[in-house]
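Before any comments, here is the structure.
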Amino acid sequence: MVTEGYANSVIVHACFIYGLDEMDHSTAWIVNTLRAGQPLTLFTNQFRNPVWSDSLARACLELAASDFTGILNVAGEQVLSRAAFGQRMLDYWGVTDRSTLITTEDHSGRWPVDCTMDLSLARSVLKTPLPGVDAVLAARR
C-alpha cells in the first residue's frame, strides 16, 4: 500500500481538475480538436464532480497543516455530466463556434457511468469550501 511506512500520510483523490487562469488539459484537448475541425462526442450519462484547481490547492495546504491521515476525496460539490462540464468550460473560454462539431450521447458502456466522489469525509475534515463549477464560474464573472 502507498501509505505503508508513512504513518502521517494523506492521499488526496481528485479528478477532473480544472483551472480558470490557464486552460486545463481536458478543455485544451476539446478546444484543439474543435479548432482542427474534427468532430467530438461528449458523453451525457457519465457523471463526475469537477474540482477547481484553486480549491484543490487550498485543501491540500489545509491538510498539510492538519492532523488528518488517510485517503480523502477532494472534489467540487456539483455533479455534472462530461458533456455539461465541457460546454461550461467552452462557454467560459469563449469558444462559440462548436455546434456543428460537438455531439452528445450516452457512452457505450466502456467506462463507469457514476464517477461521483463521496465528499462526506472532506466536509467533516476541511474548512476549505469545495464549490461546484457553476458557483466558481459565477464568482469569476
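The values are calculated or read from the model by the stated rules, or taken from the named source; none is laboratory data. Quick caveat: nothing in here was measured; it's all calculated off a predicted structure. Using ideal geometry, Cβ is built from the backbone for each residue, glycine included, and neighbour counts are taken over all protein chains shown. Note: accessible area is taken over every heavy atom of the protein model, side chains too, but ligands, DNA and RNA are not part of it. Shrake-Rupley method; radii C 1.70, N 1.55, O 1.52, S 1.80 Å.
May I ask you to list the residues of the stretch 117-139 whose amide nitrogen lies under 11 Å from a point 7 Å from Cα along the Cα→beta-carbon direction of Leu61?
Taking a point 7 Å out along Cα→Cβ of Leu61, no residue of the stretch 117-139 has its backbone N under 11 Å.
Per residue of the chain, what 222 nm ellipticity follows from adding -39500 (n - 2.57) for every DSSP H run with n ≥ 4, rounded to the nearest 500?
Helix-only estimate at 222 nm: -10000 deg cm²/dmol.
Counting only protein heavy atoms, what percent of the accessible surface of the chain is carbon or sulfur at a 1.4 Å probe? Mind showing how you got there, number by number?
Numbers: 4350 of 8230 Å².
Summing carbon and sulfur atoms, their accessible area is 53 percent of the total for the chain.
How high is the relative contact order of the chain, in percent, with contacts defined as C-alpha pairs under 8 Å that are six or more residues apart? Spell out each step's value before the answer.
On the way: 209 pairs, mean separation 49.9, N = 141.
Relative contact order of the chain: 35 percent.
In terms of the Cα gyration tensor, with a ≥ b ≥ c the square roots of its eigenvalues, is the stretch 22-102 rounded because a/c is under 1.5, prolate because a/b exceeds b/c, or oblate? Spell out each step's value before the answer.
Values: a/c = 3.32, a/b = 2.29, b/c = 1.45.
Because a/c hits 1.5 or more and a/b exceeds b/c, the stretch 22-102 counts as prolate.
Need one number: nm distance between label points at Arg35 and Arg141, each 7 Å from Cα along Cα→Cβ, rounded to one decimal.
Simple spin-label model gives 2.6 nm for this pair.
Rounded, prolate or oblate: which one fits the chain, using the alpha carbon gyration tensor with axes a ≥ b ≥ c (rounded when a/c is under 1.5, else prolate when a/b beats b/c, else oblate)?
Here the chain falls in the prolate category.
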